[in-house]
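A short reminder: the numbers here are calculations on the coordinates, not readings from a lab. Note that this is a predicted model, so its numbers are computed, not measured. No Cβ is skipped: glycine too gets one built from the backbone with ideal geometry, and neighbour counts run over all protein chains shown.
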Amino acid sequence: MTEKLTDKLFKNRYVEDSGHPHIEIANQDVCRDRCSGKYCNYFCPAGVYEWDAEKQQTIVSFGNCIECGACAIGCPYDNILCQTPRGGYGVQFQLG
């Protein structure tokens, strides 16, 4: 029997490091003024990034991150600061 990817993701464990986000937007002005495509809203498979038109900024839900590395290479303006979570935090994969 083959499992769906979404079923496998529910087997992974995530320990959120509240107060110490490992992903941040370096400069919200770049998102607002230079980035017309809002690419991070589309390349992240976990939906970590969302453009808030009312606040005119990119909202980062780092708790959704599956640490795939897409944000490290996806932003054409290098405006996403991505670090490895502190030891004991982040995704703990159960299946390879």
Placing each pseudo-label 7 Å from Cα in the direction of the beta carbon, Gln28 and Thr84 end up separated by a distance in nanometres of 3.1
Quick shape check on the stretch 40-82: root eigenvalues a ≥ b ≥ c of the Cα gyration tensor, a/c under 1.5 is rounded, otherwise prolate if a/b tops b/c, else oblate, and it reads oblate
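Based on the mean of other Cβ atoms within 10 Å per residue, sort peptides 65-77, 24-36 so the most packed one is first.
Working: 65-77: 15.7, 24-36: 13.4.
Answer by packing, highest mean first, reads 65-77, 24-36.
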